[in-house]
Amino acid sequence: MEKSFIFALSQLTVAKFLRSQLFLTVVCWGKKELLATSTNQLLRPKLLKDTWKNYPAALACFKWMLLQVKVPYLSEHLSIVLPTALITVDDFNTESQVFGISCLEHIIEHVTRTELNWYGQGDVIYKALERLLYHREAELVRPLLRCVVLLLGKLEGGYTNHDNNYKWSRCDDVLQIVLQNTEHEQNIPLRRAYIDSLPALLDASKMGVIRWSKRLLRILREYLEVLKVYLQHSQPRIAHNSEALFHMLLRLLYDITKSSEGGGMRSQKIDSIVLQETVDLIEECPPSLPIYGSYWFVLLCNYKYIYKSFDTLARWYNTKLLGLHLGPLPTVVACDLNTVKEIFARPEFNGKLDCYISQARAMGITLGLFFTDSDLWIEQRRFTLRHLRDYGFARRSVLQEENVRQEVMDLLALLNSSKGKEDYDVFHDDCALLPQLFCPGTINCLWSVLAGDRFPPEAHKKLRQVADASFHFVKDVEPTGGALVLTPWLRHFGRKGFGFDGLVNGSGYVTEFFREAVKDHEKNYSEDSLRDFIDDYIQELKKNDTKNIVNSFSEDQLLLLATDLILPTAATMPAMLTFTLIMLLHHPQVMLKAQKEIDSVVSRDRLPSLDDRSRSCDENGGGQNVLKNKEKGRRAIGRPRTRWMDQAQKDMEAKGAGLRERFEEIDRNGRPAEVETSNDDDDDDCRRVCVGETFSRFTIYLFLAALLQNFTFSAPEGKPIPGLDDIISGFSLSPPDFWVKVVPRN
Ligand code: HEM
């Protein structure tokens, strides 16, 4: 077995053949089934503790297959792949150990911390690796420490930046061994391997490194001593090397300053290629000034509409991908649909900036879905989608369609009534205030899945207050987050001016509103009859409590998670409905055409249903026209591993465009493309795409079609309606408030 990895020619050929067969399997069956079937049935008997050495080809196939399967599929197969990886790590041969470590590294990378904690699997891996820390082969040390750091990041690291407790942890155990080895090691390659691995290990220990200051300083002093001696002896040649030395010291200075300026920015593994691309772009694009970077240039181009400003800059630099510094952060702005799509699809842009805003709205910790990333985000997003779907969210469900129909009927009843004391502020004298008119209805549609209930018309006033708060959140800060994100101390000078109040209080109001519902649910909770999403979440919390599991579930997370669902439902969805109506007001002939189409397909005797979408296309045609105009400003900003909410507004547009394309597709094919199933794909659960897209499409369709079926909309006498470019550009796009005349069709 000393030559275990040097394949005999025949074995190699067989392995290649097997691999090609397996490749076919991947293509035909998909990755999910690959591991379960092939590893279990074909390979497992060959990879047992006392057989694996006889089957190097099976081992190679195993590794190849393992590398094909990534998050989120790998977790399902953890119990199949882990034993083989552990068996090889357990071997005395260094090559086998390195092999096993690389398998473990892949496994750790592609499962979440909760999955690792199941049945103490993470601890088992740690034990297997810990034993190797005493080995002294340079080729083992690098991958080993890389793997250990990755593992400890998941086992010991908190779910958020702030989960930083200073108790002795396994990071300290590892540091103790590594520092001791580093200090006393005389073998140069081995010492280098330790030194190379040290930064990541120190980074993983966070504040815990303080414990090791003395020893670390001793090691650093030794290195500086080397530099000093080198400088002394190379005096005559120093001029030739001065530039390299200067660069080295400057870089150190820059790195230190940058990380301290970054403040709340999470230290992330930045993909070096993306970073390099960003740096290249930045060199070509707007100049950077201290503190704010290129931000003032952006404001200079168009203070009111930042997305137009990016457009101007993109044209100026003749590029679709702008690079610039927003404050200290290297930022990429994608300025056309294809680039935006690509960015959405690339995991390195999944990161979010852990900034002052994201913490200020959530008890000083970054929680929820909008601003979170890594494990917390994946785990929470997946849980949310799966459980919301159980109650009819984002899929065809008779119950949910009935809930929406109820809201539509309430809205029609309000518009048909001559008065409405509670609703006077949004409807009187045949005129309705948009977008506020729609907000109670849209919130109720979500509320039925979140809290299993709906607010009756008498309580709509309360929902309109929630909507007002939500509009503050989406409108008050410009799309990049602006000066407040770059220099949070500005809030002390003008809280209103910089949008701080609207943002934090707006989000806070929604959180408090939801807190009441959670309290109610906690009082009436029964394990045997789960009523809605809140109950499901409480059940998960209780389960974790009983089993003593530490993961990303907490009551605060539930509050912020729901806040992130309510905010767009209360603000963005009514805003999109209103934009559509504004377009129709500017194109009355399209409104008329849509109404005729509805009359012929649905008639006036019943309300439109989701089944009518395949038969009618004029509402979609209308929508198509309406949304076409928005195409102008489509773009998105990305930051390598730190792309953040600032782009929600651009992205909203991109998403608006996405909606438009779906509408077009419905129009062309007569049937919606992936409407019914779009959110069923597991991949969607951990891609940075809108959680509410399908839900919005369904709901907007039902509201819009019913409104056009029953009413004609026009500008009230003496009151102007917004122009097509009257857009409030905040975190997401919103129309200005305005009154519209509503006349029942006869
Ligand atoms: C027509 C209305 C809507 C539009 C145009 C829209 C658009 C978008 C866009 C562009 C993103 C940004 C993706 C990113 O940059 O990370 C997003 C994210 C999100 N949206 Fe929507 N959205 C709408 C409605 C909704 C609704 C009704 C909900 C909730 C039920 C919702 C929940 C979310 C959440 C939770 C995220 C964050 C997803 C994540 O980061 O994982 N959206 N939306």
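Values in this text are rule-based calculations from the coordinates and carry no lab data. Just so we're clear, the structure is a prediction, and the values are computed from it rather than from any experiment. Don't worry about glycine lacking a Cβ; one is built from the backbone with ideal geometry, like all the others, and counts go over all protein chains shown.
Length gained on full extension, V71 to K49, computed as 0.36 nm times the residue gap minus the Cα-Cα distance: 5.2 nm. Working note: Karplus 6.51/-1.76/1.60 with θ = phi - 60° gives the stretch 718-729 the couplings x, 10, x, 9, x, x, 5, 9, 7, 10, 9, 9 Hz, where Gly and Pro are set to x.
Site pair D429 and E139 shows an inter-label distance of 8.7 nm when each label is modelled 7 Å from Cα along Cα→Cβ. Using the Cβ-Cβ distance between H247 and D90 with R0 set to 30 Å, the FRET efficiency works out to roughly 0.10. Ordering of 77-89, 226-238 by packing is 77-89, 226-238, highest average first (other Cβ atoms within 10 Å, averaged per residue).
For D599 and R386, a Förster radius of 51 Å and the Cβ-Cβ distance give a FRET efficiency of 0.80, rounded to the nearest 0.05.
Maximal additional length on extending the S609-Q539 stretch stands at 21.8 nm, based on 0.36 nm per residue less the C-alpha distance. Between amide H atoms placed 1.01 Å from N, distances below 5 Å from G293 occur with G327, all of them 5 or more places distant or on a separate chain. The distance linking the stretch 40-97 with the stretch 412-484 is 56 Å (Cα centroid to Cα centroid, whole angstrom).
Across the stretch 286-295, computed HN-Hα scalar couplings (Karplus, 6.51 cos²θ - 1.76 cosθ + 1.60, θ = phi - 60°) run x, x, 10, 9, x, 6, 9, x, 8, 4 Hz from first to last residue, x flagging Gly and Pro. Note on the stretch 504-556 and the stretch 123-141: Cα centroid distance 41 Å, given to the nearest whole angstrom. Taking other C-beta atoms within 10 angstrom as a stand-in for reagent exposure, F297, F698 fall in the order F297, F698, fewest first. Here L367, L249 are placed in order of increasing Cβ neighbour count within 10 Å, fewest first, which gives L249, L367.
Here the spin labels are modelled as points 7 Å beyond Cα on the Cα-Cβ line, and at L289 and R515 they lie 4.0 nm apart. What's the extension gain from Y303 to W118 if we count 0.36 nm per residue and subtract their Cα-Cα distance? Gain in length upon complete extension: 61.5 nm.
Would you list V740, V333 from fewest to most Cβ contacts within 10 Å?
Working: V740 22, V333 33.
Taking fewest neighbouring Cβ atoms as first place, the list is V740, V333.
Between K127 and V209, the C-beta separation translates, for a Förster distance of 22 Å, into a calculated FRET efficiency of about 0.35.
Dipole of the stretch 81-187 computed with +1 at Lys/Arg Cβ and -1 at Asp/Glu Cβ about the Cα centre; of L133, T112, P83, farthest Cα towards the positive end is T112. The chymotrypsin sites (Phe, Trp or Tyr not before Pro) of the stretch 67-126 meeting both criteria, a DSSP state outside H, G, I, E and B (loop) and at most 13 other C-beta atoms within 10 angstrom of the site's C-beta, are F92. For the stretch 523-621, applying the loop criterion from DSSP together with a ceiling of 11 other beta carbons within 10 Å to the trypsin sites (Lys or Arg not before Pro) yields R604, R606. Determine, at each q value in 0.14, 0.15, 0.25 (inverse angstroms), the log₁₀ of I(q)/I(0) that the Debye formula gives when each Cα of the stretch 74-135 is one equal point scatterer. Summing over Cα pairs of the stretch 74-135 leads to -0.35, -0.40, -1.06. About the centre of its Cα atoms, the stretch 105-256 shows a dipole size close to 420 debye [charges on the beta carbon of Lys, Arg (+1) and Asp, Glu (-1) only; nearest 20 debye].
Among the trypsin sites (Lys or Arg not before Pro) found in the stretch 403-446, those both in a DSSP coil and sparsely packed, with 12 or fewer other Cβ atoms within 10 Å of their Cβ, are K419, K421.
When the pairs K304/K461; K70/K341; K523/K547 are compared against a 26 Å limit on Cα-Cα distance, K304/K461 fall above it.
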